[in-house]
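One structure below.
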Amino acid sequence: MTQEIQQNLKTVLQDIPSGVTLVAVSKTKPVELLQQAYEAGQRDFGENKAQEMAVKYQELPHDICWHFIGHLQTNKVKYIAPFVSLIHAVDSLKVLHEINKQAIINDRAIDCLLEFHIAEEESKFGLSRETASEILSSVEFKEMKNVRICGVMGMATYTSDEEKIRKEFRSLKEHFDFLKKGFFLNNSDFKEVSMGMSGDYLYAIEEGSTIVRVGSKIFGLRG
Ligand SMILES: *Cc1c(COP(=O)(O)O)cnc(C)c1O
């Protein structure tokens, strides 16, 4: 198994340019498997449950960058605020407010991405360009000193239709460019486009992704 994870990582990394960050999505996987990926040199891990991430943080080396990639409930922010590297899926002013509050309590700044709704499926979370602009224009946001908005995140429709996937990724890149121009022109923190999973990260990179989130292609489907 050790060799398998190392080989999978190597295979995935071969196709990822040096400017793109690989987040190994380790949700539901036991710490032993994360440890193996760590020993192969992987330092960025992605989780989607706050308490699970906090337990893994405790058990693994502290030079790991922890990415929270799931939908974050307000009452769970406190579990990850002390150590999280990047919260990928911020989709309301309310959760941003709580992240800022917990960041102040922990005397730090927390990096966040705004999640956009780019897929066809209605069930998926995410902002529209209008709501994102509203959040960024609000007085409440402008008064938040302990959150840093570093870019955008999105998930494409789960389909084998390459053109459709690319179109959705392109729309996320356009949202990024729009916000950059309107709100972050002189802000070098705003630089990330988090898109691409096991099935579509190569398309995502070609469409401008800077962070890919890959799970099953590294850790396998089960366990
Ligand atoms: C699970 C998950 C991934 C990884 O999915 P794979 O298809 O296993 O690579 C990426 N992003 C998010 C938001 C996820 O929940």
Given Cβ charges of +1 for Lys and Arg and -1 for Asp and Glu, the option among P82, N186, A50 whose Cα lies farthest towards the positive end of the dipole of the chain is P82
Size of the dipole of the stretch 72-172 about the Cα centre, Lys and Arg at +1 and Asp and Glu at -1 on the beta carbon, nothing else charged, in debye to 20?
440
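Could you pull out the pairs from K10/K78; K29/K145; K27/K78 whose alpha carbons sit more than 29 Å apart here?
Working: K10/K78 35 Å; K29/K145 35 Å; K27/K78 19 Å.
Too far apart for the 29 Å limit: K10/K78; K29/K145.
Quickly estimate the mean residue ellipticity at 222 nm for the chain, helices only: each DSSP H run with n ≥ 4 gives -39500 (n - 2.57), and the total goes over all residues, rounded to 500.
Values: 10 runs with 94 residues, N = 223.
One gets -12000 deg cm²/dmol as the mean residue ellipticity at 222 nm.
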Springs between alpha-carbon atoms under 10 Å, Gaussian network over the chain: tell me which of G199, G126, G46 tops the mean-square fluctuations.
G199
Accessible area (Å², per residue) of the stretch 116-173, counting only protein heavy atoms and a probe of 1.4 Å
56
Return the lysines within reach of K164: Cα separation strictly under 21 angstrom, same-chain partners fewer than 8 residues apart disregarded; answer none if there are no such residues.
K124, K173
Translational diffusion of the chain, µm² s⁻¹ [Kirkwood Rh, Cα pairs; Stokes-Einstein; 4 °C; 1.567 mPa s]
73
About its Cα centre, how strong a charge dipole does the stretch 113-209 have in debye, to the nearest 20, once Lys and Arg get +1 and Asp and Glu get -1 at the Cβ?
460
Residues of type aspartates and glutamates that K217 reaches as a straight line, Cα spacing below 19 Å, ignoring anything fewer than 8 places off in the same chain:
E4, D15, E32, E39, D44, E47, E162, D200, E206
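Using Cα pairs under 8 angstrom and six or more residues apart, how large is the relative contact order of the chain, in percent? Mind showing how you got there, number by number?
Values: 394 pairs, mean separation 45.2, N = 223.
Once divided by the residue count of the chain, the mean separation gives 20 percent.
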For the chain, modelled as a GNM with alpha-carbon contacts under 10 angstrom, which of D111, D91, D189 fluctuates the most?
D189
Among H175, G196, L93, pick out the residue whose Cα is farthest towards the positive end of the charge dipole of the chain, where Lys and Arg carry +1 and Asp and Glu carry -1 on C-beta, about the Cα centre.
L93
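Ignoring ligands, DNA and RNA, what percent of the 1.4 Å accessible area of the stretch 11-155 is carbon and sulfur?
Reported share for carbon and sulfur atoms: 50 percent.
Loop-only GluC sites (Glu not before Pro) in the stretch 139-223, please: DSSP not H, G, I, E or B, and at most 10 other Cβ atoms within 10 Å.
Values: sites: E140, E143, E162, E163, E168, E174, E192, E206, E207; in loops: E143, E207.
The qualifying sites are E143.
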Provide the per-residue ³J(HN,Hα) series for the stretch 38-49, in order, calculated from phi with Karplus coefficients 6.51, -1.76, 1.60 and θ = phi - 60°, each as a whole number of Hz, with x at glycine and proline positions.
4, 5, 7, x, 6, 10, 9, 10, x, 10, 10, 10
Inter-label distance for K181 and L136, nm, one decimal - labels placed 7 Å from Cα along Cα-to-Cβ:
1.1
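Taking the Cα centre of the chain as origin and charging only Cβ (+1 Lys, Arg; -1 Asp, Glu), how large is the dipole, in debye to the nearest 20?
In total the dipole reaches around 400 debye.
The values are calculated or read from the model by the stated rules, or taken from the named source; none is laboratory data. In this text, all values refer to a predicted model and were calculated from it rather than measured experimentally. All Cβ positions, even for glycine, are placed from backbone atoms using ideal geometry, and neighbour counts span all protein chains on display. To get the accessible areas, we keep the full protein, side chains included, count just its heavy atoms, and leave off ligands, DNA and RNA. Shrake-Rupley method; radii C 1.70, N 1.55, O 1.52, S 1.80 Å.
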